[in-house]
Amino acid sequence: QPQIAESGGGFVQAGGSLRLSCVTSGISDGFYPMDWYRQAPGKQRELIASILPDGSPFYDESVEGRFTVSRERGKNTMYLQMNNLQIEDTAVYSCSLPRLGLWGQGTQVTVSS
């Protein structure tokens, strides 16, 4: 049974950093594009970063230059390194493997002033 789960959220002051992890199980490692989404209170869920099987990353302009998406083959893990976090980055962050319709449960990131 394919599964996906995020971890690494938490509280951080503005300007700080966090690294989120997304672990998949029950599927072949690294053969699918994967996405990071976030949903802020009262807002729609938005796609913020993607990574292709070859490692090519794509970013929404709201996070480009501050966030880095990567994947570690052999560990079935995708990461989202988030630097220079701002209050507006506060949201529930989820990872997704759209080709298989997989979604994680989400992890809360809260940025304070």
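Here are the numbers for this structure:
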{"item": "Test: residue in region 63-82 that is open to solvent by less than 40 Å² (accessible area, probe 1.4 Å), at pLDDT below 95, assigned to a loop (DSSP other than H, G, I, E, B) and polar (S, T, N, Q)", "result": "yes"}
{"item": "Hits in region 79-97 (condition: closer than 21 Å to residue 61 by Cβ and either among the charged types (D, E, K, R) or touching a Phe, Trp or Tyr at 6+ places or on another chain (Cβ under 8 Å) (or both))", "result": "80, 81, 82, 83, 88, 89, 93, 94, 95, 96"}
{"item": "Per-region count, region 91-113, residues under 15 Å from residue 43 (Cβ atoms), open to solvent by less than 30 Å² (accessible area, probe 1.4 Å) and polar (S, T, N, Q)", "result": "1"}
{"item": "Condition met for residue 38 (at pLDDT 95 or above and in contact with a Leu (Cβ under 8 Å, 6 or more places away or on another chain))", "result": "no"}
{"item": "Any hit, region 41-56, residues being among the polar types (S, T, N, Q), at negative phi, assigned to a loop (DSSP other than H, G, I, E, B) and out of contact with any strand residue (DSSP E or B) (no Cβ under 7 Å at 6 or more places or on another chain)", "result": "yes"}
{"item": "Scope region 1-11; condition within 11 Å of the chain's Cα centre (by Cα) and open to solvent by less than 30 Å² (accessible area, probe 1.4 Å); matching residues", "result": "6"}
{"item": "Identity of the residue in region 1-35, among the hydrophobic types (A, V, I, L, M, F, W, C) and over 19 Å from residue 63 (Cα atoms), that ends up modelled with the lowest pLDDT", "result": "31"}
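Quick grid of which residues meet (1) over 14 Å from the mean Cα position of the chain (by Cα); (2) in contact (Cβ under 8 Å) with a residue 40 or more places away in the chain; (3) open to solvent by 20 Å² or more (accessible area, probe 1.4 Å):
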site	(1), (2), (3)
13	yes, yes, yes
19	no, yes, yes
22	no, yes, no
28	yes, no, yes
31	yes, no, yes
37	no, yes, yes
41	yes, yes, yes
45	no, yes, yes
52	no, no, yes
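The values are calculated or read from the model by the stated rules, or taken from the named source; none is laboratory data. The structure displayed is predicted, hence computed values, not measured ones. Heads up, the Cβs are rebuilt from the backbone with ideal geometry, glycines too, and the neighbour counts pull from every protein chain shown. When the accessible area is computed, the model is the full protein with side chains, heavy atoms only, and any ligands, DNA or RNA have been set aside. Shrake-Rupley method; radii C 1.70, N 1.55, O 1.52, S 1.80 Å.
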